[in-house]
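Following: one structure in structure tokens, then a few remarks.
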Amino acid sequence: SAVISQKPSRDICQRGTSLTIQCQVDSQVTMMFWYRQQPGQSLTLIATANQGSEATYESGFVIDKFPISRPNLTFSTLTVSNMSPEDSSIYLCSVDDGVLTDTQYFGPGTRLTVL
Amino acid sequence: QKEVEQNSGPLSVPEGAIASLNCTYSDRGSQSFFWYRQYSGKSPELIMFIYSNGDKEDGRFTAQLNKASQYVSLLIRDSQPSDSATYLCAAKDSGGYQKVTFGIGTKLQVIP
């Protein structure tokens, strides 16, 4: 399976600021996914990022709040903009194997606390 | 709205027993199903995937799929305290879009 890294692993931010989360994969992948996991909740898909095209956002998530970049087949960023305490969550990057097992593998996550 | 339903638990089993985790899904067209284990403070880790009706075994884990009943289960034999975690059931949506819908997860506690 792909090895996925995320930076930062955690951060504490002030209300109104923005944070960019980086996701790096050790192999080329077509699709990358960004999830949010709020305390005690399951995973909620924010958007799907394909290289060379605009990200596809799920209902309830908008590009102005969560802009995503996908400059190549091994890297993506998610920005959480104009943060509020409600954005405190774990943000997870995921990639789809797509070839062998058609499964998704997750990065270690970024734990964000907004004060 | 496609859904994957799980009992959030906690499910408590004694060490050495069989833990049975269940989920149902709403998208009848789903073809791929997954079980992830998530330890507290960690990201989900894939345990098993299953595509065909019936059982699939991998070590102490057995995944079971019944598409007619839209039901997926995970059996953990000889449960160990290290199996204590939240187990997420997931189903990949039908159609070309590769979206995966996750259940809320069942918290498993294995009591020594």
Tally of residues being loosely packed, with under 13 Cβ neighbours inside 10 Å, within 28 Å of A:Ala2 (Cα to Cα) and small (Gly, Ala, Ser) across the stretch B:1-53: 4
Test: B:Lys107 is under 13 Å from the mean Cα position of the chain (by Cα), within 30 Å of A:Cys23 (Cα to Cα), of a type in the set (Lys, Arg) and not in a loop (DSSP other than H, G, I, E, B): yes
The stretch A:104-115, subset at the interface with another protein chain (Cβ under 8 Å from one of its Cβ atoms) and out of contact with any Phe, Trp or Tyr (no Cβ under 9 Å at 6 or more places or on another chain), residue modelled with the lowest pLDDT: A:Tyr105
Pairs, first at pLDDT 95 or above in the stretch A:63-79, second of a type in the set (Lys, Arg), C-beta under 8 Å, six or more apart: A:Ser76/A:Arg70
Test for B:Ser52: is it small (Gly, Ala, Ser), in a loop (DSSP other than H, G, I, E, B) and farther than 18 Å from B:Leu75 by Cβ: no
Qualifying positions in the stretch B:9-45 - farther than 16 Å from B:Leu108 by Cα and assigned to a strand (DSSP E or B): B:Thr24, B:Tyr25, B:Ser32, B:Phe33, B:Phe34
Given (1) more than 14 Å from the chain's Cα centre (by Cα); (2) within 18 Å of B:Ser43 (Cβ to Cβ), number of the condition A:Leu115 does not satisfy: (2)
Segments classed as strands (runs of 3 or more DSSP E), wholly inside the stretch A:3-103, with at least 1 members that are within 13 Å of another protein chain (Cβ to nearest Cβ): A:4-7, A:10-13, A:19-25, A:31-37, A:43-50, A:89-96
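The values are calculated or read from the model by the stated rules, or taken from the named source; none is laboratory data. Source: prediction; values computed, not measured. No Cβ is skipped: glycine too gets one built from the backbone with ideal geometry, and neighbour counts run over all protein chains shown.
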